[in-house]
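The values are calculated or read from the model by the stated rules, or taken from the named source; none is laboratory data. These numbers were taken from a predicted model, which means no experiment stands behind them. Because the Cβ atoms are built from the backbone with ideal geometry, glycine has one as well, and the counts that use them run over all protein chains shown.
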Amino acid sequence: MSDIKTELKIYRKLVEKGQLDRDIEGDLFLEFRNVEVRAILTEFEEELDFKTIEVAGTLYLLPNIGNGVLGFTTKDIRESVATDARLVDAYLLSYISMFILYLFYGGRNRNPKQREFLRISKLIEELDRRFTRALAEGEQAEVLEETYALNFTKIAELWESKQDYEERGRKTKTGTILNTCRLLERENLLRLVDEDRELRPTRKLDDLMLNYYLDDRRVDEMKRFFEGVELDA
């Protein structure tokens, strides 16, 4: 019978690294398959508001929505910008995060992944185009706001107010994107390479997006959200 030490070791690894790999922690990975161990970990999941999934020899810990202990909160995102950041600053970073995922995994075929890397300059161009178009087509922004309870106009105006993107300060476009990317990098979801000029998804992000998050419903919802910004998308 389990003495709970094994479950605590597994939980600690998942909290510290966000994942547990069979190739590195083979003994603990096998213990996860033990019925008694799994039963206790399920109780952990219920009490601590997270779930554990297995993909291709790796266990991942996923905080449930609203988990302020293991996951990100709006306050965390605001404070990543600055201590005096506004709510709209957090919403802009959240939107950029979702848009990055869309650009990587918004494909229309059975494998939704559509690129292996993304240049920061290209991301800025895409955001410029979408925000400018959204502000010009006020009706489109209103549709987004009504559908998703999101003040898209304020987000677009904040982006447009940013300084020239070649600089990297907090109030520039490049600085805002890098701040967003570092949040994702901290969770081992993205890597910044080529002196922070390029983004690459990690294996963890591929595993989670392609094997857990992106069912047909979520892919369709993501397309409606981002392609709805542009009338001719």
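Restricting the search to the range 143-159, which residues are part of a loop (DSSP other than H, G, I, E, B) and at pLDDT below 70? Spell out how you get there, then give the answer.
Of the residues in the range 143-159, the ones part of a loop (DSSP other than H, G, I, E, B) are 149-151.
Correct list: A149, L150.
If T52 passes every condition in (1) surrounded by 15 or more Cβ atoms within 10 Å (Cβ to Cβ); (2) over 21 Å from the mean Cα position of the chain (by Cα); (3) closer than 25 Å to L214 by Cα but one, which one does it miss?
In the conditions (1) surrounded by 15 or more Cβ atoms within 10 Å (Cβ to Cβ); (2) over 21 Å from the mean Cα position of the chain (by Cα); (3) closer than 25 Å to L214 by Cα, T52 misses (2) alone.
Out of R168, R218, R200, R191, which single residue is under 15 Å from the mean Cα position of the chain (by Cα), of a type in the set (K, R) and either modelled with pLDDT under 90 or in a helix (DSSP H, G or I) (or both)? Spell out the reasoning first.
Details: R168 fails: under 15 Å from the mean Cα position of the chain (by Cα); R200 fails: either modelled with pLDDT under 90 or in a helix (DSSP H, G or I) (or both); R191 fails: either modelled with pLDDT under 90 or in a helix (DSSP H, G or I) (or both).
Sole residue among the options that is under 15 Å from the mean Cα position of the chain (by Cα), of a type in the set (K, R) and either modelled with pLDDT under 90 or in a helix (DSSP H, G or I) (or both): R218.
In the range 108-142, which residue that is surrounded by fewer than 14 Cβ atoms within 10 Å (Cβ to Cβ) and more than 23 Å from the chain's Cα centre (by Cα) is modelled with the highest pLDDT?
By that ranking, first place goes to T132.
Can K9 be described as under 20 Å from D207 (Cα atoms) and either in contact with a strand residue (DSSP E or B) (Cβ under 8 Å, 6 or more places away or on another chain) or surrounded by 15 or more Cβ atoms within 10 Å (Cβ to Cβ) (or both)? Give the steps one after another, and end with the answer.
Working: under 20 Å from D207 (Cα atoms): no; either in contact with a strand residue (DSSP E or B) (Cβ under 8 Å, 6 or more places away or on another chain) or surrounded by 15 or more Cβ atoms within 10 Å (Cβ to Cβ) (or both): yes.
Criteria not met by K9.
For the condition surrounded by fewer than 19 Cβ atoms within 10 Å (Cβ to Cβ), modelled with pLDDT of 75 or more and in the same structural domain as N188 (by TED's automatic domain parsing), what is the one hit in L101, L93, L87?
L87
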